[in-house]
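Data block below; observations after.
The values are calculated or read from the model by the stated rules, or taken from the named source; none is laboratory data. All figures in this text were calculated on a predicted structure; none of them were measured in a lab. Cβ placement follows ideal geometry from the backbone for every residue including glycine, while neighbour counts extend to all protein chains displayed. We work out accessible area using only protein heavy atoms, side chains counted, and drop any ligands, DNA or RNA first. Shrake-Rupley method; radii C 1.70, N 1.55, O 1.52, S 1.80 Å.
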Amino acid sequence: MAYSLFETAELGPLISKNRTVRSATNEHLSDPSGQITPAWVDSLEALARGGVGIIITGHLSVDRDQRADEGQAVLDQETDPTLLSLAAQRVHQHGALLIAQISHSGGKARPGVNGRPPLSPGDLTPQLLDRLVEQFRHAARTAQMAGFDGVQVHCAHNYLLSSFLNLRWNHREDAYGGSLENRFRLIRRVLLAVRDACGPRFALLVKVDNDSCDDLPALLRLFQSAGVDGIELSGLDMARRDGQKTPFFLDRLLAAWEGLTVPIFPVGGVFSRAAAEKVLAAGAPFVSLSRALICQPDFVERMEKGQTESPCLACNHCYNVYRQRPVRCVLHTEVIPQLEAVFGPYPT
Ligand SMILES: Cc1cc2nc3c(=O)[nH]c(=O)nc-3n(C[C@H](O)[C@H](O)[C@H](O)COP(=O)(O)O)c2cc1C
């Protein structure tokens, strides 16, 4: 029987009120030091109020010296526990679930923001590998203590864990390089550490590229064997698909998931109710969206009330405006005061 968008759905230990996921989207709402802010909490609550079932935060850096940009928040021992808990409470009040995406930026960390060079796979000594595993474990446990429902370990988009999987970036000759099993070793350690710290009632999700290695079925099997509760499938080229308003990676998923039992759902290119239903009809248990929810944080509620299409242009200028201007989307000029303080007034 085909899944229906607005029915309850299980994802590992969680029960979601519907089958929609807000894919991790950097809110760019930290303060300059990487601390989360009331505006960050508000942005998550707006998504919950707008009907999303499972909200995944923008990537939170497990290492405050390796942030991806000046708006990226950090999840470590200095993160404000009161605001973290407030985010979980406010999201839960609307019947939604909250997942923290935890990430290390790796080669994409910005020296201009961090005052130090980025860390790539070859830079990690055995001591730094151990430290990294502990940073992920600690971040996950901090989210759990604050009342979050789970974490998503970011293994996509050429951030550190993604680049470990990719022979283009991982040239190691030790137990962390070479075969796919070896390149997966660090991710397995991170996932096992998070599970060990947080237990089976806390959802453990991953975001993975379909194209970071040449054997996607084998990679998905490795993630399943590491005990994850769900896999969100993305791709290294997702940001170059501007203008494409049909699901990006559904076909690759369908070609790769035979024999797997772990829930896997694609992200990318869903801007209409018809596209969402196409993803579910193909057998994916969830529909994940990012830009349609930047454009309209209440797009899920709007779909439920009959809106068929998102006005989002899929133009990808949200990547630029939100780093240079105090607005989120080129289609609307609602100024976010916190961003205005950083980027100045919106040009009239
Ligand atoms: C402004 C912006 C910020 C993003 N930040 C993140 C992020 O923090 N973590 C992540 O995994 N993906 C991030 N993404 C990628 C989205 O989660 C999603 O994979 C991609 O936009 C394709 O989905 P869509 O077609 O529904 O937008 C971001 C995308 C945009 C447009």
Original post:
Looking at segment 243-263, which of its residues are open to solvent by 30 Å² or more (accessible area, probe 1.4 Å) and either touching a Ser or Thr at 6+ places or on another chain (Cβ under 6 Å) or within 16 Å of the ligand (Cβ to nearest atom) (or both)?
Top reply: Gly243, Gln244, Lys245, Thr246, Asp251, Arg252
**OP:** Please find, among Asp80, Asp76, the residue that is in contact with a Gly (Cβ under 9 Å, 6 or more places away or on another chain) and open to solvent by 10 Å² or more (accessible area, probe 1.4 Å).
**Re:** Asp76
Original post:
If a residue has to be β-branched (Val, Ile, Thr), more than 20 Å from the chain's Cα centre (by Cα) and part of a helix (DSSP H, G or I) to count, how many in segment 99-146 make the cut?
Top reply: 1
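If you go through segment 82-115 one residue at a time, how many are among the small types (Gly, Ala, Ser), within 14 Å of the ligand (Cβ to nearest atom) and out of contact with any helix residue (DSSP H, G or I) (no Cβ under 8 Å at 6 or more places or on another chain)?
Looking only at that region, the number is 1.
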**OP:** Specify the residue that is nearest to Ala284 (Cα to Cα); the eligible residues are those in segment 6-28 that are within 15 Å of the ligand (Cβ to nearest atom) and assigned to a loop (DSSP other than H, G, I, E, B).
**Re:** Arg19
Subject >> Members of segment 3-21 that are among the charged types (D, E, K, R) and out of contact with any Gly (no Cβ under 9 Å at 6 or more places or on another chain) >> reply: Glu7, Glu10
Subject >> Among the candidates Asp69, Asp31, residue that is closer than 20 Å to Tyr319 by Cα, charged (D, E, K, R) and without any contact (Cβ under 8 Å) to a residue 24 or more places away in the chain >> reply: Asp31
**OP:** Could you please give the count of residues in segment 208-237 that are open to solvent by less than 10 Å² (accessible area, probe 1.4 Å) and either out of contact with any Leu (no Cβ under 9 Å at 6 or more places or on another chain) or within 11 Å of the ligand (Cβ to nearest atom) (or both)?
**Re:** 6
Original post:
Does Arg240 fit the bill of being open to solvent by 10 Å² or more (accessible area, probe 1.4 Å), free of Cβ contacts under 8 Å to residues at least 12 places away in the same chain, assigned by TED's automatic domain parsing to the domain that holds Gly95 and within 18 Å of His157 (Cβ to Cβ)?
Top reply: yes
**OP:** Scan segment 195-207 for residues that are crowded, with 20+ Cβ neighbours inside 10 Å and not aromatic (Phe, Trp, Tyr) and report the count.
**Re:** 6
Subject >> Residue list for segment 218-240, restricted to those being out of contact with any His (no Cβ under 8 Å at 6 or more places or on another chain) and either within 11 Å of Trp257 (Cβ to Cβ) or assigned to a loop (DSSP other than H, G, I, E, B) (or both) >> reply: Leu220, Arg221, Gln224, Ala226, Gly227, Val228, Asp229, Ile231, Leu233, Gly235, Asp237
Subject >> helices (runs of 4 or more DSSP H) lying entirely in segment 247-341 (those with 1 or more residues that are touching a strand residue (DSSP E or B) at 6+ places or on another chain (Cβ under 7 Å)) >> reply: 250-256, 273-281, 291-295, 299-305
Subject >> Matching residues, segment 260-282, being without any contact (Cβ under 8 Å) to a residue 40 or more places away in the chain and either outside the structural domain of Cys213 (by TED's automatic domain parsing) or farther than 20 Å from Tyr159 by Cα (or both) >> reply: Thr261, Val270, Ser272, Ala274, Ala275, Lys278, Val279, Ala282
